[in-house]
Amino acid sequence: MAEQATVVITGSGGRIGAILRHALAGTYRLRGIDRVPTPGVPGALVASLTDLDAILPVFTGADAVVHLAADPRHTPDIGWDTLIPDNVVATANVYEAARQGGVKRFVFFSSMHVCGMYENDAPWSRVATGDYAGLDPAGVPLVTAEMPARPDGPYAVSKMFGEALGKYCAEAYGMEVVVVRLGTVGREDRPGSDARSFVSWLSHRDLAHLTERAIDAPHVTYEVVFGASDNTWKIYDTLRARSRLGYAPRDNAEHFRATRAR
């Protein structure tokens with residue numbers, strides 16, 4: 001990526017958008033777009049991603065897009081009346097705006113939930129619930145990007161749409177697409193109290209570093225990686241981001257478990 005590349009962040013006014021704005025401001029020229037104002041990003045657009053004509057100017061001449069904006073609720077009862085406009089139409093418009101704007105690199109934040117049904121099967125179900133008896137974390141087989149998706153709800157299905165559209169844009173238009181199946185990024189920079197957060201936790205600085213690598217890694221056509229810190233207990237193949245993108249996480253959820261135990 002060119003020095004001081006121009007990067008568009010969708011959902012720039014949100015929680016994860018704020019983390020990335022602060023972390024990446026000195027590295028890239030940032031543009032923002034959200035339904036709410038984006039503090040600290042001059043000229044950030046306030047608009048709905050469902051309005052393609054309104055959002056097109058933000059993408060013109062940009063080098064990369066980090067697409068965060070979505071309805072993040074992943075409960076089984078979330079309705080398609082929300083997911084279709086916010087997660088499907090909006091995502092389609094962002095890809096199209098990027099294509100028309102000449103954007104080369106597209107980073108799509110998907111979710112580990114696209115493979116969430118694997119967590120119902122042993123040994124992954126045991127890891128996800130904290131039943132570690134007799135298990136060696138180094139011996140737990142990992143769910144990989146090559147394995148079939150097994151979405152655990154409508155939200156995950158909507159994320160699969162964005163992954164598939166990225167594959168199409170990579171092959172049809174030569175766009176470089178990195179799909180990050182995101183783990184858990186908390187408002188507080190620590191895992192939650194539930195066992196699964198010790199699987200999926202992604203620290204703020206590892207999030208920022210992973211995003212930089214997704215923007216800047218060379219030789220990308222279409223790549224799918226899982227996004228978490230260097231957690232001891234893994235279910236998903238977070239190691240893939242190291243080999244494919246040069247991601248080098250620095251944090252591990254176990255540090256917080258040890259701290260809490262004292």
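Extending 7 Å from the Cα toward the beta-carbon at both Thr60 and Thr232 defines two label points whose distance is 5.4 nm.
Charge tally around Met112: other residues with Cβ under 12 Å, Lys/Arg +1 each, Asp/Glu -1 each, net +2.
Based on alpha carbons, the Rg and Dmax found for the range 159-248 are 13.7, 44 Å. The stretch between Ala138 and Val36, if pulled fully straight at 0.36 nm per residue, gains 32.3 nm over its current Cα-Cα span. Taking 0.36 nm per residue of separation and subtracting the current Cα-Cα distance, fully stretching the chain between Arg29 and Lys167 would add 47.0 nm.
Projecting the Cα positions of Phe256, Ser243, Ala214 onto the charge dipole of the range 169-262 (unit charges on Cβ atoms of Lys, Arg, Asp and Glu, taken about the Cα centre) puts Phe256 furthest along the positive direction. Computed from the C-beta positions of Thr50 and Arg242 and an R0 of 30 Å, the FRET efficiency is 0.25 to the nearest 0.05.
Using the Cα coordinates of the range 1-118, the gyration tensor eigenvalues translate into equivalent-ellipsoid semi-axes of 24, 16, 14 Å, sorted from longest to shortest.
For Arg250 and Thr129, the FRET efficiency from 1/(1 + (r/R0)^6), where r spans their Cβ atoms and R0 equals 25 Å, is about 0.40.
Over the range 22-75, the pair-distance histogram of Cα-Cα distances with 5 Å bins from zero comes to 4, 17, 27, 27, 15, 8, 2, 0 percent, rounded to whole numbers.
Once the C-beta distance of Trp80 and Glu146 is scaled by a Förster radius of 25 Å, the resulting FRET efficiency is 0.30 to the nearest 0.05.
Taking 20 Å as the straight-line reach from the Cα of Lys104, the lysines in range (excluding those fewer than 8 positions away in the same chain) are Lys167.
Summing Cβ point charges (Lys, Arg +1; Asp, Glu -1) relative to the Cα centre of the range 53-190 gives a dipole of roughly 220 debye. Once the Cα atoms are used to define both axes, helix 154-173 deviates from the longest principal axis of the chain by about 50 degrees.
Taken together, the values in this text are just the output of simple stated rules run on the coordinates, not laboratory data. Being a predicted model, the structure only gives us computed values, none of them experimental. Here Cβ is always computed from backbone atoms with ideal geometry, including for glycine, and neighbour counts include all displayed protein chains.
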